[in-house]
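The values are calculated or read from the model by the stated rules, or taken from the named source; none is laboratory data. Please read all numbers here as calculations on a predicted model, not as lab measurements. In this analysis, Cβ positions are derived from the backbone assuming ideal geometry, glycine residues included, and neighbour counts consider all displayed protein chains.
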Amino acid sequence: MSKEIIKISGITKFYKVGNQVVKALNGVDITIHQNEYVAIMGPSGSGKSTMMNILGCLDSPTGGSYILNGTDVSKMEDSELAEVRNKEIGFIFQSFNLLPRYSALDNVALPLIYSGIGKDERDRRALETLESVDLSDRVHHKPNELSGGQRQRVAVARALINKPSIILADEPTGNLDSKTSIDIMKLFSKIHNNGNTVIVVTHEEDIAKHARRIIRLRDGLIESDSYNDNPVTYN
């Protein structure tokens, strides 16, 4: 078995809403190994968005431990978490989150600025990464000059640029039509086959079926965690 890349133990996340305490996560244990392809599913209110925020170091748990690539990140301050996020995690969001005034190249290169890499090297790596998602002909286009699928490909390239340990995607096909969704899921399969650990948070069964493992949450607890023997694959 490949090395553990994520190990969360007894993770809780409680929110106070008025006089009530909402238990978004209530003692969750998950271990994910390098180069796994995992889907996290659950209905609204199940805790999957909270889980994504904790896995992505966007939020800290109320209790429990989170070991990411050998480092305990559960007690880190915001500034430390930001550094871990930039180095270890590539995010892909439903709404793309591209800067509208920046070209595809500049959007993809953006994470490298925070890593202190010079402009020539940033542009070289961004171009190379855009080529890997079949967008070499759209390098200088701005988001409003791209289709939804092309914008998501730019977002995927941006997620890959720092060669992160984990690709974390939140409803990555939520704003796309069926054909474009298939194109993006083909790209995810390619990323996984290249050795990345891929985690997709989704409520769509047909998207989850691309993963090799499906974790289902309900009411802040793991309802099931099983391997998918017949994942959707592409040549």
Q) Which of the following residues is closer than 23 Å to Lys13 by Cβ, touching a residue at least 12 places away in the same chain (Cβ under 8 Å) and either touching a Pro at 6+ places or on another chain (Cβ under 8 Å) or β-branched (Val, Ile, Thr) (or both): Thr233, Thr129, Thr202, Thr180? A) Thr202
Q) From Ala155, Ala109, which residue is crowded, with 21+ Cβ neighbours inside 10 Å, in contact (Cβ under 8 Å) with a residue 60 or more places away in the chain and within 19 Å of the chain's Cα centre (by Cα)? A) Ala155
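Yes/no matrix, rows are residues, columns are (1) free of Cβ contacts under 8 Å to residues at least 60 places away in the same chain; (2) surrounded by fewer than 17 Cβ atoms within 10 Å (Cβ to Cβ):
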| site | (1), (2) |
| --- | --- |
| Leu55 | no, no |
| Gly64 | yes, no |
| Ile67 | no, yes |
| Gly70 | yes, yes |
| Ser79 | yes, yes |
| Ile89 | no, no |
| Ala104 | yes, no |
Q. Can you tell which of Ile117, Ile113 is outside any helix (DSSP H, G or I), modelled with pLDDT under 95 and more than 21 Å from Lys48 (Cα to Cα)?
A. Ile117
(Q) Filter region 165-212 down to the residues that are part of a loop (DSSP other than H, G, I, E, B), crowded, with 21+ Cβ neighbours inside 10 Å and of a type in the set (S, T, N, Q) and list them by number. (A) Thr173, Asn196, Thr202
**Q.** Flag for Ser46 being assigned to a loop (DSSP other than H, G, I, E, B) and either touching a strand residue (DSSP E or B) at 6+ places or on another chain (Cβ under 6 Å) or crowded, with 20+ Cβ neighbours inside 10 Å (or both)
**A.** yes
(Q) Just the residues that are under 29 Å from Asn193 (Cβ atoms) and in contact (Cβ under 8 Å) with a residue 60 or more places away in the chain, please, taken from region 9-32. (A) Val28, Asp29, Ile30, Ile32
(Q) Please pick out the residue among Ser74, Ser65, Ser79 that is in a strand (DSSP E or B), more than 17 Å from Val198 (Cα to Cα) and over 15 Å from the mean Cα position of the chain (by Cα). (A) Ser65
